[in-house]
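Report on one structure; see the data block that follows.
The values are calculated or read from the model by the stated rules, or taken from the named source; none is laboratory data. Every value quoted in this text rests on a predicted model; they were computed, and no experiment measured them. Methodologically, a virtual Cβ is constructed for each residue, glycine included, from the backbone with ideal geometry; neighbour enumeration extends over all protein chains shown.
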Amino acid sequence: MQHEWPVAFFDDDYLRIYRPTFTNERTAAEVDFIEQALAVPRSGCVLDLACGYGRHAIAMAMRGHRVTGLDFNTHYLDIAAEEGRAAGAQIEWRPGDMRELPFDAEFDGVYSFFTSFGYYDDEENERVLAGIARALKPGGRFLIEMLNRDWLLTHPQQRTWTQQDDGALLMEETTIELAASRVITRQMLIDPQGGPRVTKEYALRAYTCAELTSLLRRHGLRVIETWGGINREPYTTESRRLALLSERA
């Protein structure tokens, strides 16, 4: 993964940009949604795929689930382990590549949250789904939550400016490569104290709801619910987010 954008993108500057937006209230609401959608029994086994620094995994563990958190970023896993210990949560933290999942029928539920899918080319993204299907027990559920490509098409953001809590100014430019269906976002973080500017970029393969449904079905995962966000609102072109719940046969 040395030359792939996630390695450079997910660093301390990412945490500086995004972590203030991940409030305890937001995390609790998202975990309510995850828990209700997966319907995993207490003490059931759950995989948090691309768990980052563990905010969902820790909350799920505190609710009585047996949680495994997997991420390629060992620095984030170190943060997760420290915060998990402080919370008294028992979690297995696993470094690993989501394209090479080592699990076989081990989990009652798997979730991928905050657009943690679509990092790679189409073939590699399918390998991720194949590994998820293999990791689930029969009847296990997979919840994916990500950006809504259709909303981006009808609401081109172009360039936005956001004031961060620490006073820094965040500039984001978003474009869509229609032929490849990829979302390219360039970020610049400007320090108010005159420090160096941080420039970051990510490129996501953006799937339509129909594409994801077809891909999931190809790997033995039947979509049973579709929502436009964690409040379970109907999915429409006006939905900023897309959440799909599928079940393994």
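Which ranges mark the helices (runs of 4 or more DSSP H) fully within the stretch 1-61 that have 3 or more residues being surrounded by 20 or more Cβ atoms within 10 Å (Cβ to Cβ) and touching a strand residue (DSSP E or B) at 6+ places or on another chain (Cβ under 6 Å)?
Correct list: 24-38.
If you scan the stretch 126-158, which residues turn out to be among the polar types (S, T, N, Q) and touching a Leu at 6+ places or on another chain (Cβ under 8 Å)?
Result: 148, single match.
When residues of the stretch 106-127 are filtered for being buried (at least 22 other Cβ atoms within 10 Å of the Cβ) and closer than 25 Å to residue 41 by Cα, how many remain?
Here the count works out to 6.
What pairs come up if the first residue lies in the stretch 13-28 and is not assigned by TED's automatic domain parsing to the domain that holds residue 169, the second is in a helix (DSSP H, G or I) and β-branched (Val, Ile, Thr), and their beta carbons are under 9 Å apart, counting only those six or more places apart or on different chains?
Between residues of the stretch 13-28 that are not assigned by TED's automatic domain parsing to the domain that holds residue 169 and residues that are in a helix (DSSP H, G or I) and β-branched (Val, Ile, Thr), the close pairs are 15/79; 27/58.
Considering only the stretch 189-207, I want to know if a residue exists there that is within 18 Å of the chain's Cα centre (by Cα) and farther than 24 Å from residue 15 by Cα.
Within the stretch 189-207, one or more residues are within 18 Å of the chain's Cα centre (by Cα) and farther than 24 Å from residue 15 by Cα.
Just name the residue that is nearest to residue 38 (Cα to Cα) out of those in the stretch 130-172 that are among the β-branched types (Val, Ile, Thr) and not in a helix (DSSP H, G or I).
Filtering the stretch 130-172 for residues that are among the β-branched types (Val, Ile, Thr) and not in a helix (DSSP H, G or I), the one nearest to residue 38 (Cα to Cα) comes out as 144.
Within the stretch 207-242, which residues are of a type in the set (A, V, I, L, M, F, W, C) and farther than 27 Å from residue 121 by Cβ?
224, 227, 230
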